[in-house]
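Accompanying notes for the structure given below.
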Amino acid sequence: MTLAAAPLLVLGVVVVAALIVVAVVFERRRATALARLGATRAGAGAARRTGVALTIAGVAVLAFGAAGPAASVPTPRASGTVILAMDVSQSMSATDVKPSRIVAAEKAARQFIEAQPSSVDIGVVAFEEGALVTTRPNADHTQALNAISRLNISGGTSLGAAITSSLSTITGKTVSIGPDGRLPDLGYWGSATIVIFSDGQDMSQGGTDADTAAQLAEQSGVHIDTVGVGTTAGTTVEADGFRLHTALDEDALKAISQTTGGTYHPASDAAQLGSVAKSIDLRLTIQNKAYPLAGALIGLALALLLGGAVLTVAGTGRVV
């Protein structure tokens, strides 16, 4: 049990102690006066004493309730960490998905964020040939929404960098794979998921390849869902003064998701991407949750005070 306002509790205890002193003095004086007068109303005296006791108890409970007590109860909750890896390479400016691949991906990402419960921490990684963490996992989903709104197109595409940077964000430490291809031990992160929004065209040269990065994610218990943005027919885009053909590479995205036990989601428009939100594998965890008791205690205090007032009036004809 916790107390939100300990000073109020101390003040309440002082008040109760003072009331007890006053009640005792009052009762002794009354008993002396009645003895002198030869009063024999034993029943009235008992009612009066009970009324005083209930009044004091009511004040004590009221003081405790004012301190804001709360009971800590273990509560199951769906929780997890989700990293949205957003492809911001130049191929995402293609318009085979209207109005463009990047706009469709941003819209789908917003729908995904808005569909998640507050118990899910969401982060955002923007990637092209490299990757940049734009928002670390946070229960405040407005930060992820703001990060999505700040995305800018540039460079080529490295799916391997997207995965390793997302793993770095999940684990809180820099993740890299050496030239010998040996996978580092990242521990087990079974409640984490990476969702890659991309056209799947991996243009990276050197660095970590997507297959090896996906194997590292699988070894660490991290699922990767991939969302294909674009069409297999593709279109042309202008990059650095050249016109290049770009098309959705479903095979690359399927390979990544299958390696980690995730799912590939094809989509030709933004509306179809909303179903991704339902596929995240959330884990049930136990978290202590504070339940306030002040309302119940104040109700009890009022009942005790009312009972004390009634009995005191019945025994003395007036309220102590």
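Coordinate-derived values only; no laboratory data. Remember, predicted model here, so these are calculated numbers, not experimental data. So basically every Cβ, Gly included, is an ideal-geometry build from the backbone, and we count neighbours across all protein chains shown.
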Calculate the all-directions average of the projected area of segment 76-285's alpha-carbon convex hull, and give it in nm². 10.5
When the label point is put 7 Å from the Cα of N138 along its Cα-to-beta-carbon vector, which residues of segment 160-203 have a backbone N closer than 17 Å? 169-170, 172
R243 versus I298, label points 7 Å from Cα toward the beta carbon: distance in nm? 7.2
With θ taken as phi - 60° and the coefficients 6.51, -1.76 and 1.60, list the Karplus ³J(HN,Hα) couplings across segment 214-228 in order, rounded to whole Hz; mark glycine and proline as x. 5, 5, 5, 4, 5, 4, 8, x, 8, 7, 10, 9, 10, 10, x
Long-range amide H partners of N138, meaning residues 5 or more apart or on another chain whose placed amide H is closer than 5 Å, are I122, G123
Inter-probe distance in nm under a simple model that places probes 7 Å from Cα toward Cβ, at T174 and D251: 3.5
Under 17 Å between alpha carbons, and skipping anything fewer than 8 positions from K254 in its own chain: which aspartates and glutamates qualify? D87, D199, D202, D209, D211, E218, D225
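For a footprinting-style exposure proxy, rank R182, R110, R150 by other Cβ within 10 Å, fewest first. Mind dumping the intermediate values first?
Working: R182 7, R110 18, R150 10.
Ascending Cβ contact count within 10 Å gives the list R182, R150, R110.
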Fewest-first ordering of L216, L62, L306 by Cβ atoms within 10 Å yields L306, L62, L216
Amide H partners (placed H, <5 Å) of A131, local residues excluded: none
On full extension of the chain, what length is gained from S154 through T212, given 0.36 nm per residue of separation minus the C-alpha to C-alpha distance? 18.4 nm
